[in-house]
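Undergrad: Dropping the structure in here first, questions after.
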Amino acid sequence: MSSGRYTNGLGQTFILLPAGTFTMGSPSDEPGRGSDEGPQHQVTLTQPFYIQQTEVTQAQWEAVMGSNPSAYSGCPTCPVETVSWNDVQEFITKMNARGEGTYGLPTEAQWEYAARAGTNTAFYNGGITELGCGYDPNLYAIGWYCYEFADDTHAVAVKTANAWGLYDMSGNVMEWCSDWY
């Protein structure tokens, strides 16, 4: 796993992100900002790390766990959902037992660094232009959200990836991190 990209036997592709410094959190005047999104502060990640290019799909989960817990099942390329943090820990344990590498969840800082991909705007392709479920051209280009969500999930890697080649970092399903947040 020394190159910039690694694909395992399940077809999960991981991208190697460089160590770096970024501003974590959102500015106090950002539209729709939650009170838990600040204050902004500099974070330095001293080690490069791999992160999966997409969310874990239903097919990948089923191949490891033997079942698909998703409420919106029947879509092998859609992200698995309706899984707890503990379910994910069991998945990671089984992934590690496969002998293809060492897997784990990113920290909140690693996840935000990955999502931002070197940008400092709300989305990796620009700022927020619309709150709620209205049409936001920036969010529409990169993520599934309530404007078009229709109460289900969508196949991964359909919208535009960020500069590091990561998909669905804004929208589709919520994602777990290894630390408390």
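The values are calculated or read from the model by the stated rules, or taken from the named source; none is laboratory data. All figures in this text were calculated on a predicted structure; none of them were measured in a lab. Glycine gets a Cβ as well: all are built from the backbone with ideal geometry, and neighbour counts include every protein chain shown. Note: accessible area is taken over every heavy atom of the protein model, side chains too, but ligands, DNA and RNA are not part of it. Shrake-Rupley method; radii C 1.70, N 1.55, O 1.52, S 1.80 Å.
Undergrad: Which of the residues belonging to the stretch 120-171 are more than 21 Å from G38 (Cβ to Cβ), of a type in the set (A, V, I, L, M) and assigned to a loop (DSSP other than H, G, I, E, B)?
TA: Correct list: A150, A155, V156, A157, V158, A161, A163, L166.
Undergrad: On the given criteria, is D168 more than 11 Å from the chain's Cα centre (by Cα), charged (D, E, K, R), buried (at least 19 other Cβ atoms within 10 Å of the Cβ) and modelled with pLDDT of 90 or more? Full working, then the answer.
TA: On the way: more than 11 Å from the chain's Cα centre (by Cα): no; charged (D, E, K, R): yes; buried (at least 19 other Cβ atoms within 10 Å of the Cβ): yes; modelled with pLDDT of 90 or more: yes.
No.
Undergrad: Could you please give the count of residues in the stretch 59-88 that are farther than 14 Å from T153 by Cα, crowded, with 16+ Cβ neighbours inside 10 Å and acidic (D, E)?
TA: The number of residues fulfilling the criteria is 1.
Undergrad: Among the residues of the stretch 134-156, is any at pLDDT 90 or above, of a type in the set (D, E, K, R) and open to solvent by 70 Å² or more (accessible area, probe 1.4 Å)?
TA: No: zero hits.
Matching residues to (1) without any contact (Cβ under 8 Å) to a residue 40 or more places away in the chain; (2) not in a loop (DSSP other than H, G, I, E, B):
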{"position": "Q60", "(1), (2)": "no, yes"}
{"position": "A63", "(1), (2)": "no, yes"}
{"position": "S67", "(1), (2)": "yes, no"}
{"position": "G74", "(1), (2)": "yes, no"}
{"position": "D87", "(1), (2)": "yes, yes"}
{"position": "T93", "(1), (2)": "yes, yes"}
{"position": "N96", "(1), (2)": "yes, yes"}
{"position": "P106", "(1), (2)": "no, no"}
{"position": "A114", "(1), (2)": "no, yes"}
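Undergrad: Report, ordered by the first and then the second residue, all pairs with beta carbons closer than 8 Å, sequence separation of six or more or different chains, a first member in the stretch 30-50 that is charged (D, E, K, R), and a second member that is in a helix (DSSP H, G or I).
TA: E30/E37
Undergrad: Another one. Tally the residues that are open to solvent by less than 20 Å² (accessible area, probe 1.4 Å) and out of contact with any strand residue (DSSP E or B) (no Cβ under 8 Å at 6 or more places or on another chain), restricting the search to the stretch 45-58.
TA: 0
Undergrad: Name the residues in the stretch 22-32 that are under 14 Å from I128 (Cα atoms) and either aliphatic (A, V, I, L, M) or under 19 Å from the mean Cα position of the chain (by Cα) (or both), would you?
TA: Hit for the stretch 22-32 is S26, nothing else.
Undergrad: Of G25, G38, G20, which residue is surrounded by 12 or more Cβ atoms within 10 Å (Cβ to Cβ), of a type in the set (G, A, S) and farther than 30 Å from T153 by Cα?
TA: Going through G25, G38, G20 in turn, the sole match is G20.
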